[in-house]
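Undergrad: I am attaching a structure below and will ask some questions about it afterwards.
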Amino acid sequence: MDNITFRYARKEDCGLILRFIKELAAYEKMSDEVVATKELLGEWIFDRQKAEVIFACENGKEIGFALFFHNFSTFLGRAGIYLEDLFILPEHRGKGYGKETLKRLAQIAVERDCGRLEWSCLDWNRPSIDFYLSLGSIPMEDWTTYRVAGDTLKRLAE
């Protein structure tokens, strides 16, 4: 696939990252949950270095992104990569760019000697689930994700 390349995001890309996040949120019917700003993304991704972003580029133009960070497996005794977001613009889907993006993330994981690459997918998102299964990924059965956020997180911290 000659017309796709990847590049790491730079701080000046925060507006583009936010645009992709908002488009992903719209696709996932979660637009009202996006409170991120360019400034917050700049602080947390670039200043604090808590996540990384790669862009998928078609002929040099950004057509998608992946935001990821390191997690840690105590059972494996090593870090892994957790893919928080993967998004390809609708007009560029069906060209293999999602697969190439996951392939690039797998390469990064192998280069960094990580033990795994993992992500979550909404239960209703059958096209993505079928795509992930076609790559040989395995859904984690018997596991449920739990979350505390906002006021609940603050109360727990008291």
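Undergrad: Separation of segment 93-158 and segment 1-53 by C-alpha centroid, Å?
TA: Cα centroid of segment 93-158 versus Cα centroid of segment 1-53: 16 Å apart.
Undergrad: Counting each DSSP H run of 4 or more residues in the chain as -39500 (n - 2.57), what helix-only mean residue ellipticity at 222 nm follows after dividing by all residues, to the nearest 500 deg cm²/dmol?
TA: -9500 deg cm²/dmol
Undergrad: Using amide H atoms built 1.01 Å from N in the peptide plane, name the residues 5+ places from residue 78, or on other chains, whose amide H lies under 5 Å from its own.
TA: 73
Undergrad: Using the beta-carbon distance between residue 118 and residue 47 and R0 = 25 Å, what value does 1/(1 + (r/R0)^6) give for FRET efficiency, to the nearest 0.05?
TA: Working from the Cβ atoms, E equals 0.45.
Undergrad: Go ahead and collect, in residue order, the members of segment 9-43 whose backbone nitrogen is under 16 Å from a label point 7 Å along the Cα-Cβ direction of residue 152.
TA: Inside the label zone: 33.
Undergrad: Kindly write out, for segment 122-131 in residue order, the coupling ³J(HN,Hα) from the Karplus curve 6.51 cos²θ - 1.76 cosθ + 1.60 (θ = phi - 60°), rounded to whole Hz, with x marking Gly and Pro.
TA: 3J(HN,Hα) across segment 122-131, in whole Hz: 4, 4, 7, 7, 4, x, 5, 4, 4, 4.
Undergrad: Stretch residue 26-residue 129 to full length: gain in nm at 0.36 nm per residue minus the Cα-Cα span?
TA: 35.3 nm
Undergrad: Could you compute the FRET efficiency for residue 111 and residue 2, with r as their C-beta to C-beta distance and R0 at 22 Å, rounded to 0.05?
TA: Result of the calculation: an efficiency of 0.50.
Here, each number is a calculation from the coordinates, and none is a lab measurement. The structure displayed is predicted, hence computed values, not measured ones. Here the Cβ is made from the backbone with ideal geometry for all residues, glycine too, and neighbour counts use every protein chain on show.
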